[in-house]
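Okay, so here's the structure we're looking at.
The values are calculated or read from the model by the stated rules, or taken from the named source; none is laboratory data. Please read these numbers as outputs of a predicted model, since none were measured by experiment. Note that each Cβ is placed from the backbone with ideal geometry, even for glycine, and that neighbours are counted across all protein chains shown.
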Amino acid sequence: MATKAQTIDNIFINPAYPSEGLIALNLRVLGIPAVITIDDYIPFYYNNFPSFARRSGDGDMWAAFIEKGIAKMMGNYEAIGGGWQAEAWRILNGAPTSFFTM
């Protein structure tokens, strides 16, 4: 999904970094489109690295902001720990997913 910039851009309602510090995300809650609003504060370790999602190769923080939006939607960061890829796919683009175990 991240290989197509347009797909990621569609998740963010405000395309440029907002000066107000508020970021609005298009996510899906139980398959229903919802706008989740977060601030631009990301939890960091003491050594200046993000606590959870890291910066992309070019230094962008889009993954950390999407992760924070999903954590807000689910209740907290702990609630998304060890989540399944199918669940993330469904939240980000609303695609129906299935999970199979072997």
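If you go through region 80-90 and pick out every residue that is assigned to a helix (DSSP H, G or I) and surrounded by 12 or more Cβ atoms within 10 Å (Cβ to Cβ), you end up with 6. Contact map, region 86-102: first residue free of Cβ contacts under 8 Å to residues at least 60 places away in the same chain, second residue of a type in the set (F, W, Y) and assigned to a loop (DSSP other than H, G, I, E, B), Cβ cut-off under 7 Å, separation 6 or more or different chains; pairs are A86/F99; F99/W84. The residues of region 23-64 that are surrounded by fewer than 11 Cβ atoms within 10 Å (Cβ to Cβ) and acidic (D, E) amount to a single one, D58. Filtered by the rule that a residue be more than 14 Å from A88 (Cα to Cα) and either modelled with pLDDT of 90 or more or touching a helix residue (DSSP H, G or I) at 6+ places or on another chain (Cβ under 9 Å) (or both), region 26-50 gives A34, V35, I36, T37, I38, D39, D40, Y41, I42, P43, P50.
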